[in-house]
Amino acid sequence: MNTLYLSAASNVEWLESVFAPLLEHDGFIRTLWHIFCQVRDAGGGSHIAAGIFRSDYMLHLLDTSSEKTASLKQVEMNTFSCAGACHAETVVNMHRHLAKVADASKPIGKRSLPSLVEATESTDGVVRTLRAAHKAYKTPPTDRQTCILMVVQPWNFNIADERPIEYGLWEGDVPCYRCEWPDVLSSTRLLDNGMLLYTPTTTSEAEIEVSVVYYRAGYDEAEYLTDAGRQTRLRLEMSKAIKCPDVLGHLAGTKIVQQALAEPGNVKEFLPQEKAKDVQAVFMSMQNLDTLASELEARGKALDEDTVRDQVLKPNLEGGGYNFYGTEILDHLDHMPRREWCKFTIMQRIEPPPNIHGLLLLDGGIYHGPVVAELGVLGGVVWRRGARGTLGLMRNEMAGFTFKTKPKGVNQLNVVRGYGCFDCPRLD
């Protein structure tokens, strides 16, 4: 899956054809695409990019009357500011510890640990990828120290999923500094040769050369509403620092790209036939609500009270909590000008097995009942873009997993926003 999305992110002509219908009405896509064009036309940026990707899957019943028809289907592909690696590792370790404690209280002859997954090393997977990107950064030798710059949101309380990565990099002798999105312009300097320099605010150190920009901010549409926000992203992208990921890698993770790749035949443009067949099998039916005649079927699904119950409406935004489900779609589209419908993709709703039960500690108390789980497969990649959209993979590895569970009947699944919990699967 990593290779598929990297190949798509490296094919500018194909991406442009995908985004063309949206550029007039989708301000977020237009802003990011314009930044890419500015960097390309100025000859800026780096030919090397990195990514921490997460491909999310759920079990889907082809026949709701038989759990034997269950297969994995992709919910979405996240290529930008992917969260959850550190939380997932913490929860797996916690569950394994609690299972051992509970088992120790039983008589010796009756002890039997549940079959839990092995401890995940998701945090180290992210650290390894960033360290590899740091080593791949090559400029003419200078006396300056180099560092990874983690760009973060000032209002995001999910710091516990960021700090372990920072600490892991320092432990491996790779300096990593946090810089809040609104402070980037005042804390960095872009030289004529493309070098990005950062001045730490907590020390008296001199300017440090940035080897890698690791984005944990920049995915919220509100961050680009001001000129300062747009100039922040432009400066970072114009630099020779390796971006994790760059703006094309960011755009490749939008729902419109997922929908385009799900169209029959498109995966074969990027993967060998056998791999393309396997990847195509995990896609759900998706269509964009464009005004083209070919998309009238999608609009019909969105407006029909019977068919809309089995659909999910998704915008090209990250951060969770933006989707609309079932009859919510009718109300949402009813209050939106039709010319803006192209900003949304409609996807067939995944039907998970109904008889899986769990125990969750939620904001409202303890929940015990039917649950739905989502598996996120983390990938760490570093790649080089060649001429004419060619792709040179420098690193491509699985970097761990996340596992999230929510009560059945809850539509959204976003732990930070209160929809569900990080979890650990039992394999027995």
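The values are calculated or read from the model by the stated rules, or taken from the named source; none is laboratory data. Given the structure is predicted, the values throughout are model-derived calculations rather than measurements. Backbone-built Cβ (ideal geometry, glycine too); neighbour counts: all protein chains shown.
THR64 meets the stated requirement of being in a loop (DSSP other than H, G, I, E, B), at pLDDT below 95 and more than 17 Å from GLY218 (Cα to Cα). List the helices (runs of 4 or more DSSP H) that sit entirely inside region 241-289 and contain at least 1 residues that are farther than 30 Å from GLU340 by Cα and not hydroxyl-bearing (Ser, Thr, Tyr). Counting at least 1 such residues, we get 273-280. Selection of region 2-20 for residues being surrounded by 18 or more Cβ atoms within 10 Å (Cβ to Cβ) and either of a type outside the set (Phe, Trp, Tyr) or not in a helix (DSSP H, G or I) (or both) yields ASN2, THR3, LEU4, LEU6, SER7, ALA8, ALA9, SER10, ASN11, LEU15, VAL18. Listed by position, the strands (runs of 3 or more DSSP E) enclosed by region 320-428 that each have at least 2 residues that are in the same structural domain as GLU305 (by the TED database) are 344-348. Within the span defined as region 182-205, every residue fails to be more than 21 Å from ILE48 (Cβ to Cβ) and in contact with a Gly (Cβ under 7 Å, 6 or more places away or on another chain). GLY420 falls short on exactly one of the conditions (1) modelled with pLDDT of 85 or more; (2) at negative phi, and that condition is (2). Can we say LEU197 is loosely packed, with under 15 Cβ neighbours inside 10 Å and either in contact with a Lys or Arg (Cβ under 9 Å, 6 or more places away or on another chain) or modelled with pLDDT of 95 or more (or both)? Answer is no for this residue. Being among the aliphatic types (A, V, I, L, M) and at pLDDT 90 or above is the filter here; which residues of region 367-392 pass it? Across region 367-392, the qualifying residues are VAL371, VAL372, ALA373, LEU375, VAL377, LEU378, VAL381, VAL382. Given the criterion in the same structural domain as ILE29 (by the TED database) and under 24 Å from LEU375 (Cβ atoms), identify the matching residue among VAL247, VAL267. Unique residue meeting the criteria: VAL267.
For PRO407, the requirement of being buried (at least 16 other Cβ atoms within 10 Å of the Cβ), farther than 21 Å from THR120 by Cβ and in contact with a Pro (Cβ under 9 Å, 6 or more places away or on another chain) is met.
Evaluated against (1) in a strand (DSSP E or B); (2) within 24 Å of the chain's Cα centre (by Cα); (3) of a type outside the set (Gly, Ala, Ser); (4) more than 30 Å from GLN348 (Cβ to Cβ), LEU197 falls short on exactly one condition, (2). For the residues ASP26, ASP41, the requirement of being among the acidic types (Asp, Glu) and touching a residue at least 12 places away in the same chain (Cβ under 8 Å) singles out ASP26. Pairing each residue of region 385-401 that is under 26 Å from VAL126 (Cβ atoms) with any residue that is at pLDDT 90 or above and aromatic (Phe, Trp, Tyr), provided the two are 6+ apart or on different chains, yields C-beta distances under 8 Å for LEU391/TRP383; GLY392/TRP383; LEU393/TRP383; MET394/TRP383; ARG395/TRP383; ASN396/TRP383.
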